[in-house]
Ligand code: BYC
């Protein structure tokens, strides 16, 4: 059966069961679902939820590092940081575009973020206290993002999967620049090395929380994986990330702040300590150290720049007519 699409409204309308069967066959065969394909409402809603949260994370994620743009220690570091923060804006734009292919409205998504009706990544609710934090965000936060997002390049929804390919390539650059920055600081003075260790101590546990709640407390995982939106569970990706980070920490010469972290010789994987899920819940419910500041800045940006949107819309309308 050929795929029923929205651009063939006069074709004999297949019934709901046939549409569902076609969708199920697409997922079972590991083929892509595209915007014009019929999809169950719950699939569409689940994708809008995840993609919007992802887009919001990129846009809010510009703030912690953006705070250091005026204080970067050299022109080179400033140019690198500026390029990275601009890339994050670009990632947000691809992702909002992907959400639009599902019928979502970008302005409405922004309103939902500002009103606390949609989430963004917990990680961006922690402050960047020193310049070493910029390096650690590159290494650990972008590293976690790569670990989480590379499998999303095979997500079942075409526009999301394709957006992830470019995002992941850019994230790899981001991670390398963070690691290079930290390597440079580790070759510096004892104060610089202490600054790096302090930043690692503060960002390690929040980075592990980026992968989401444990599998037995993750309400969306089972359905999302059955639909091929997510390809691995939260705990699987977290474990992969820990295993990947331990040798990188050793090469850098820093200690990860977990006395229970140890290689299990039987499995070849690292055992690690208990994550503070109470802290995670506080942060995602709006009570982290920087939630109020992050959202109020985003609100100010929306309100102060509304005239730009209005002008651009009027200009586009004039040209269209
Ligand atoms: N923070 O059922 P679960 C970046 C929410 S930006 C906040 O496991 P799911 C970067 C979750 O949304 C990278 N909320 O959910 C940018 C759900 O609540 P709702 C951001 C979280 O979706 C700038 C509830 O908890 N990456 O790298 O199956 C500078 C239950 O969770 C978090 C993405 O967005 C969290 N950490 O799995 C530098 C990746 N974790 O929505 C770097 C795309 C969970 O029902 N997203 N929640 O109200 C995903 O892969 C998945 O959505 C998650 C969660 C693994 C995050």
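Every read-out reported here was derived from the displayed coordinates using simple, explicitly stated rules and does not represent laboratory data. In this text, all values refer to a predicted model and were calculated from it rather than measured experimentally. Cβ atoms come from the backbone with ideal geometry, glycine included; neighbour counts cover every protein chain shown.
The convex hull built on the alpha-carbon positions of the range 134-241 has an orientation-averaged projected area of 7.0 nm². Largest mean-square fluctuation among 70, 19, 109, in a Gaussian network model of the chain whose springs join Cα atoms under 10 Å apart, belongs to 70. Per the Cα gyration tensor, the range 168-321 maps to an equivalent ellipsoid with semi-axes of 36, 24, 18 Å, ordered largest to smallest. When you work out D = kT/(6 pi eta Rh) for the range 16-114 at 25 °C and 0.890 mPa s, using the Kirkwood radius from C-alpha pairs as Rh and the Stokes-Einstein form, the result is 156 µm²/s. The modelled label-to-label distance for the pair residue 277/residue 222, using points 7 Å beyond Cα in the direction of Cβ, is 1.6 nm. Mean residue ellipticity, 222 nm, helices only, the chain: the sum of -39500 (n - 2.57) across DSSP H runs of n ≥ 4, divided by residue count and rounded to 500, is -19500 deg cm²/dmol.
Averaging the sequence gap over all C-alpha pairs within less than 8 Å and six or more residues apart, then dividing by the number of residues, gives the chain a relative contact order of 18 percent. Comparing Cα centroids, the range 130-173 and the range 190-214 end up 18 angstrom apart.
The GNM of the chain, with springs linking C-alpha atoms under 10 angstrom apart, assigns the highest mean-square fluctuation among 238, 76, 271 to 76.
Per the Debye calculation on the chain with a single equal scatterer at every Cα and no solvent contribution, log₁₀ I(q)/I(0) for q = 0.10, 0.13, 0.14 Å⁻¹ amounts to -0.64, -1.03, -1.16. Translational diffusion coefficient of the range 246-321 (Stokes-Einstein, Kirkwood radius from Cα pairs, 25 °C, 0.890 mPa s): 139 µm²/s. Within the range 165-189, find all residues whose amide N lies under 11 Å from a label point positioned 7 Å from the Cα of residue 76 along Cα-to-beta-carbon. Counting backbone N atoms under 11 Å from the label point, the list is 181, 184.
Please check: in the Gaussian network model of the chain (C-alpha springs, under 10 Å), which one of 156, 285, 172 has the largest mean-square fluctuation. Looking only at 156, 285, 172, the largest GNM fluctuation is found for 285. Put one equal scatterer on each alpha carbon of the range 58-214, apply the Debye formula with no solvent term, and list log10 I(q)/I(0) at q = 0.16, 0.19, 0.20 1/Å to two decimals. The computed values of log10 I(q)/I(0) come out as -0.93, -1.26, -1.36.
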